[in-house]
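K.L.:
Right, I'll just put the structure down here and ask away after.
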Amino acid sequence: MTSRREFLAASASLAVRPAFGQSSDLAGLTLKQASDLLRSKRASPLDLTEACLKRIEKYDPALHAFITVTAEQARATARAMEAEQRRGHWRGPLHGIPIALKDNIDTAGIRTTGGSELFQDRIPAEDAEVARRLKEAGAVLLGKLNLVEFAYGGNPTVTYFGTVHNPWALDRTPGGSSSGPGAAIAADLCFGTLGTDTAGSVRNPAANCGIVGFKPTYGRVSLRGVIPLSWTLDHVGPLCRTVEDAAILLNVVAGYDQPDPTTADVPVPDYTRALKASTARLRLGRPAAFFENLDPEVAKASDAALEVLRKLTAGVTEVQLPPSGNPAQIWGPEALAYHAKWFAESPEKYQPATRRQLQQSTQEQAADYAQAVRQVELLRRDISKVFTRVDLLVTPTLVSPPALIEPNPPPNAAAGRGTGPGRNNNAPFDVFGLPAISVPCGFTAAGLPLGLQIVGAPFAESTVLALAHAYEQATDWHLRRPTLNPAG
């Protein structure tokens with residue numbers, strides 16, 4: 001048996017992912033590599049599925065990334081995808097690829113809990129639109145991933161289904177609220193996931209877990225069938241090992257959904273083609289406020305990343321962004337509006353931290369909420385002016401490395417504003433509704449991953465992906481993986 005001390009020491013070490021064709025573990029491939037392997041019939045969907053299920057069984061007891069594992073259903077889908085391929089039918093890059101979904105995304109016939117005791121037995125009758133699109137693309141669903149209860153915050157202890165741990169060091173946070181998706185990708189438990197992002201909940205775990213997390217433009221991906229935190233601020237986006245994998249997933253889930261009033265009827269390009277675009281003419285903006293009061297190791301990694309980007313682009317200039325206000329004035333009342341009936345009837349079924357936040361929202365004034373929503377609408381129009389001078393913005397994803405897991409952190413510790421240590425570098429871009437990606441950009445001396453955030457103009461996902469991919473190819477941070485041992 002491996003002791004917890006030995007596991008913690010091992011999980012802090014760095015291991016470079018083997019090159020394609022050298023890995024004896026199929027689960028260690030990127031989504032694109034796995035897809036190419038299936039397309040050439042050098043492996044089957046069932047082979048990939050069994051490889052992932054084996055790792056889930058071996059490592060997830062220590063990580064708690066999954067709430068529900070749908071092993072038999074996944075095997076059945078994998079066999080069906082293999083049979084389709086034998087008949088000459090190929091659905092595309094996700095055909096036969098094992099994925100998992102954050103457990104606030106509805107899946108027909110499979111429980112969707114929101115990480116809460118309240119919904120522990122909730123089984124939706126219909127798929128969320130994004131789940132339906134993934135299923136139509138041939139993806140194999142391995143199960144549902146753990147999260148901060150109802151995506152309300154970033155503390156991985158706030159869930160009915162057990163604290164999620166960071167694969168790089170079990171005593172460190174994987175981030176949140178998409179804590180399960182971040183841990184699952186970092187530990188090679190699946191090839192891709194979808195998370196939700198209201199104040200950074202895709203990019204935060206991506207940075208903490210050394211993976212890629214992409215929040216597209218507000219309205220680019222349907223929210224229908226996703227348990228809401230905030231109708232005004234929620235986004236759905238992929239978490240993957242590489243930028244290319246994120247582009248593949250986004251190709252499938254992006255697009256107008258007429259029954260969803262939040263989606264925009266804007267043409268969707270082929271995001272994988274964007275990866276080939278030149279970045280030489282791109283003008284980058286550095287918002288100074290997002291670089292203030294950084295942890296020294298974050299500052300060092302961010303400065304090094306900017307030096308790489310200067311060589312890939314037309315240069316970096318200082319820019320200033322408009323204040324994004326207090327998004328809690330929006331997500332608080334909107335969360336309360338969704339939960340009002342259940343909160344009144346069964347408050348004890350919510351985690352204490354969630355219960356406190358919902359209770360606080362009962363004190364919000366309608367006028368303050370209305371003004372805050374109006375401000376978001378104006379900001380989403382005005383923010384385009386920033387992109388007359390630059391094409392993309394670059395910031396550290398987070399102001400500090402992955403923190404120690406705290407059962408009872410200070411109130412609103414993950415929702416800080418301003419320029420202090422608690423500042424949230426992610427939330428403003430949910431307010432602005434801009435596409436934003438986090439990519440690995442280094443490690444601390446203790447072997448903890450760090451992230452770089454690249455932000456684009458509205459619906460400029462292709463430009464964001466182009467630079468993120470160019471940076472990824474110019475560095476090797478994305479190749480490094482945590483060394484895991486089974487729980488002891």
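K.L.:
Hey, if you put +1 on the Cβ of every Lys and Arg and -1 on every Asp and Glu Cβ in the chain, which of A274, A139, A80 ends up farthest toward the positive end of that dipole?
P.N.:
A274
K.L.:
Relative contact order, percent, of region 4-482 when contacts are C-alpha pairs under 8 Å separated by at least 6 residues?
P.N.:
Across region 4-482, relative contact order equals 18 percent.
K.L.:
Sum -39500 (n - 2.57) across every DSSP H segment of at least 4 residues in the chain, then divide by the residue count to get the 222 nm mean residue ellipticity, nearest 500.
P.N.:
Mean residue ellipticity, 222 nm, calculated: -11000 deg cm²/dmol.
K.L.:
Sticking with this structure for a sec: Using a ≥ b ≥ c from the Cα gyration tensor of region 252-360 (square roots of the eigenvalues), is it rounded, prolate or oblate, where a/c under 1.5 gives rounded and otherwise the larger of a/b and b/c decides, a/b for prolate?
P.N.:
Oblate shape, in that a/c is at least 1.5 and b/c is the bigger or equal ratio.
K.L.:
Can you find, among G153, L37, T262, the residue farthest towards the positive end of the dipole of the chain? Put +1 on the C-beta of Lys and Arg, -1 on that of Asp and Glu.
P.N.:
Going by the charge dipole, the pick is L37.
K.L.:
Sticking with the crude label model, points 7 Å out along Cα→Cβ, report the distance from E348 to D476 in nm, one decimal please.
P.N.:
5.7 nm
K.L.:
With viscosity set to 1.306 mPa s and temperature to 10 °C, compute the Stokes-Einstein D of the chain, Rh being the Kirkwood radius across alpha carbon pairs; µm²/s, no decimals.
P.N.:
72 µm²/s
K.L.:
Among 58-71, 40-53, 440-453, 275-288, how do they line up from the highest to the lowest mean number of other beta-carbon atoms within 10 Å?
P.N.:
Final packing ranking: 440-453, 58-71, 40-53, 275-288.
K.L.:
Of all DSSP beta bridges in the chain, what percent run antiparallel (nearest 5)?
P.N.:
70 percent
K.L.:
For the pairs K144/K349; K41/K215; K54/K349; K32/K54, note any where the Cα-Cα span goes beyond 31 Å.
P.N.:
The pairs that break the limit, which is 31 Å between Cα atoms, are K41/K215; K54/K349.
K.L.:
Still on this structure, I have one more. Determine, for S346, S178, the number of other Cβ atoms within 10 Å of each Cβ, and report the residues in order from fewest to most.
P.N.:
Result, fewest neighbours first: S346, S178.
K.L.:
Could you order peptides 381-388, 198-205 by the average number of other Cβ atoms within 10 Å of their residues, highest first?
P.N.:
The peptides rank, most packed first, as 198-205, 381-388.
K.L.:
Which peptide among 476-486, 130-140 comes first, and what is the full order, when sorted by highest mean count of other Cβ atoms within 10 Å?
P.N.:
130-140, 476-486
K.L.:
Sticking with this structure for a sec: Classify region 115-246 as rounded, prolate or oblate from the Cα gyration tensor: take a ≥ b ≥ c as the square roots of its eigenvalues, call it rounded if a/c is under 1.5, otherwise prolate when a/b beats b/c and oblate if not.
P.N.:
Here region 115-246 falls in the rounded category.
K.L.:
Moving to a separate point now. Please work out the Cα center distance from region 221-285 to region 295-348, rounded to the nearest Å.
P.N.:
17 Å
K.L.:
Of P216, L48, V164, which is farthest on the positive side of the dipole of the chain, counting Cα position, with +1 on Lys and Arg Cβ, -1 on Asp and Glu Cβ, and the Cα centre as origin?
P.N.:
The listed residue farthest towards the positive side: L48.
K.L.:
Another question, if that's okay. Using the beta-carbon distance between A277 and E377 and R0 = 25 Å, what value does 1/(1 + (r/R0)^6) give for FRET efficiency, to the nearest 0.05?
P.N.:
Computed FRET efficiency for A277 and E377: 0.20.
K.L.:
Let me ask something else about it. Once you charge only the Cβ atoms, +1 for Lys and Arg and -1 for Asp and Glu, what is the size of the charge dipole of region 4-482 about its Cα centre, to the nearest 20 debye?
P.N.:
It works out to roughly 940 debye.
Coordinate-derived values only; no laboratory data. Keep in mind that this is a model prediction, so the values were computed, not measured. As a convention, Cβ positions derive from the backbone with ideal geometry for all residues, glycine included, and neighbour counts pool all protein chains shown.
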